[in-house]
Amino acid sequence: MRYHIWTIGCQMNVADSQKLAAGLDRLGWSEASAPEEADLVVLNTCAIRDHAEQRAIGKLGALKKLRGQGSEFKIAVMGCMVGLRADELERRFPFVDAFARPQQFAPIMEAIGYDDLGGEFWPGTFSQPDSVTAYVPIIHGCDKFCTYCIVPYRRGREVSRTIEDVRGEVEHLAGRGVREVTLLGQTVEAYGHDLPDAPDLGDLLRALHDIDGIARYRFLTSYPRDMTERIIDAVAELPKVCEYFNIPVQSGDNAVLDRMRRGYDIELYREKVDLIRRKIPDVAITTDIIVGFCGETDAEFRHTRDLVAELEFDKVHVAAYSPRPGTIAYRKLEDDVPQDVKMARFHAIEQLEAEISARINSRLLGAEVEVLVEGRKANSEGESMWYGRTRQNKLVHFRSGCGGLAAGDARVGDLATVRIERTSPWALVGVAARAAVLA
Ligand code: 5AD
Ligand code: SF4
């Protein structure tokens, strides 16, 4: 029996899909590269913006057609499109065999004949890595209820995994060649508050640090108010923890932050960024921004632009506000910023950020950086090059044994030292600078 899983959305969805795949593998199933070769097709969906939902709906239409042409696979929809009650989805898509909320795999398993796998089956199922980097969820759900966001309604309340459970999974991954682990949570610094003894993210990082084989740790996504000096100190002190933070600010204006109910003001956000940069000088900080939120005026938007210019993020993920049925903003605030204004603001932030990241990356010209080698692929000119990421999470393409250097060949999973020869806002290009790549 074969399965095909299609995934969109955040890293948590990628991790959930890998876990489902690992469970099916345990039951003797194998992966099919196309839906028409599969007995089960799973769409792991995202509901963060309307566009993501439309993509899944488009995919569902295509699957329905395929089945009409004689393919006999079962169809399951899982992830953030599935709410507490699936009746509306069932009415709209009667040909779907199972709807499953994020990480609630039971309806899918029942649809393919596994009614009771036992309470230990899923906790004992660890994802099989397909690369030298892996995602490990450490806290599920979100308690924050930002007014624009659907996530708490779909992923439920915050629930942390125990340190022993996370350690078990990381050891499993290390034994299968994984070199870099990214710990995941919607608000990752909330980790542990619901556990006995309330360990924090710093305690978890310390508890994982000695695992052989793992060279790097990262974590995603940060919530400014939950970020403590204790956690920042752990990142600064632990050599395997990368100098990289993704801290969504969402807006640079206090009135907008208030309407979003983000629970902090710009002064607090700035303090956190300053503290991180003081304690970890070569840190990279990225952020998320929503433009065109309900009632956002030109002046309020300018505050966001000014903040991006002031704080010089390494990267900004910008999105136009998309009203989500069921959220507080959908019920109580008016989506009154016209689409063309949203798009103009979106492009203004993107353009400003391209200039900023071009400037930040150009400072790396001639520098030697540590790259975890992830693989090899052809660049746009057809030349095959190694690729990987720096500790600051910047993508690097590089050649080995060129440029008159007696460089050895790189291997996937090595920590290579690469000298940067070219930079752009989005990536770096270089050459392996040493004969030996550091293992
Ligand atoms: N509209 C647009 N962007 C959103 N995000 C969350 N909800 C919405 C929404 N309704 C963005 C936030 C978050 C990122 C994952 O998606 O910036 O940090
Ligand atoms: Fe959504 Fe806010 Fe929770 Fe992030 S912190 S997942 S934006 S509710």
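A few notes on this one:
- Selected residue (only one of F293, F313 is under 16 Å from C149 (Cα atoms) and open to solvent by less than 10 Å² (accessible area, probe 1.4 Å)): F293
- Residue in region 347-359 that is under 26 Å from R225 (Cβ atoms), in contact with a helix residue (DSSP H, G or I) (Cβ under 8 Å, 6 or more places away or on another chain) and open to solvent by 40 Å² or more (accessible area, probe 1.4 Å) present: no
- Of all residues in region 386-415 being in contact with a strand residue (DSSP E or B) (Cβ under 6 Å, 6 or more places away or on another chain), of a type in the set (A, V, I, L, M) and modelled with pLDDT under 90, the one that is surrounded by the fewest Cβ atoms within 10 Å (Cβ to Cβ): A410
- In summary, G168 fulfils each of the numbered conditions (1) more than 17 Å from C10 (Cα to Cα); (2) among the small types (G, A, S); (3) within 16 Å of ligand 2 (Cβ to nearest atom) with the single exception of condition (3).
- Region 220-256, subset within 15 Å of ligand 1 (Cβ to nearest atom), in contact with a strand residue (DSSP E or B) (Cβ under 7 Å, 6 or more places away or on another chain) and not in a loop (DSSP other than H, G, I, E, B), residue farthest from R270 (Cα to Cα): L220
- For L173, the conditions (1) open to solvent by less than 10 Å² (accessible area, probe 1.4 Å); (2) in contact with a helix residue (DSSP H, G or I) (Cβ under 8 Å, 6 or more places away or on another chain) all hold with the exception of (2).
- Which numbered condition S17 misses (of (1) surrounded by 13 or more Cβ atoms within 10 Å (Cβ to Cβ); (2) part of a loop (DSSP other than H, G, I, E, B)): (2)
- Checking I138, I150 one by one, the residue that is within 16 Å of ligand 2 (Cβ to nearest atom), of a type in the set (V, I, T) and over 29 Å from E31 (Cβ atoms) is I150 and no other.
- Close contacts from region 329-345, counting a first residue that is at negative phi and a second that is small (G, A, S) and assigned to a loop (DSSP other than H, G, I, E, B), with Cβ to Cβ under 7 Å and a gap of 6+ residues or different chains, come to L333/G295; D336/G295; V337/G292; V341/G292; K342/G292; R345/G292.
- Verdict on A198 being away from ligand 2 (no atom under 16 Å from the Cβ), aliphatic (A, V, I, L, M) and assigned to a helix (DSSP H, G or I): no
- Within the set D87, D115, the sole residue that is closer than 30 Å to S160 by Cα, at pLDDT below 95, of a type in the set (D, E) and open to solvent by less than 70 Å² (accessible area, probe 1.4 Å) turns out to be D87.
- A Cβ distance below 6 Å, combined with a sequence gap of six or more or placement on separate chains, defines the contacts here; from region 151-168, residues that are among the β-branched types (V, I, T) reach residues that are more than 16 Å from ligand 2 (Cβ to nearest atom) and assigned to a helix (DSSP H, G or I) in the pairs I163/L204; I163/A207.
- Filtered residues of region 286-306 (kept if of a type outside the set (S, T, N, Q) and within 14 Å of ligand 1 (Cβ to nearest atom)): D288, I289, I290, V291, G292, F293, C294, E296
- Selected residue (only one of L204, L184 is in contact (Cβ under 8 Å) with a residue 60 or more places away in the chain, in a helix (DSSP H, G or I) and open to solvent by less than 30 Å² (accessible area, probe 1.4 Å)): L204
- No other residue among D143, D115 is part of a loop (DSSP other than H, G, I, E, B) and away from ligand 1 (no atom under 16 Å from the Cβ) apart from D115.
- In region 31-49, the residues that are over 18 Å from G70 (Cα atoms) form Cβ pairs under 9 Å with partners that are among the acidic types (D, E), at six or more places apart or across chains, as follows: E31/D25; N44/D16; T45/E53; C46/E53; A47/E53.
- Any hit, region 266-285, residues being within 11 Å of ligand 1 (Cβ to nearest atom), in contact (Cβ under 8 Å) with a residue 12 or more places away in the chain and buried (at least 21 other Cβ atoms within 10 Å of the Cβ): no
- Filtered residues of region 352-370 (kept if under 15 Å from E312 (Cβ atoms) and not small (G, A, S)): L352, E353, E355, I356, R359, I360, N361, R363, L364
- Scan of region 274-329 for residues that are touching a Phe, Trp or Tyr at 6+ places or on another chain (Cβ under 9 Å), farther than 14 Å from K342 by Cβ and in a helix (DSSP H, G or I), ordered by number: I276, L307, L311, I328, A329
- Identity of the residue in region 146-170, among the β-branched types (V, I, T) and away from ligand 1 (no atom under 11 Å from the Cβ), that ends up surrounded by the most Cβ atoms within 10 Å (Cβ to Cβ): V170
The values are calculated or read from the model by the stated rules, or taken from the named source; none is laboratory data. Note that the coordinates shown come from a computational prediction; the quantities given were computed from them, not determined experimentally. Backbone-built Cβ (ideal geometry, glycine too); neighbour counts: all protein chains shown. Each accessible area value is taken on the protein alone, full model and side chains, heavy atoms only, with ligands, DNA and RNA left out. Shrake-Rupley method; radii C 1.70, N 1.55, O 1.52, S 1.80 Å.
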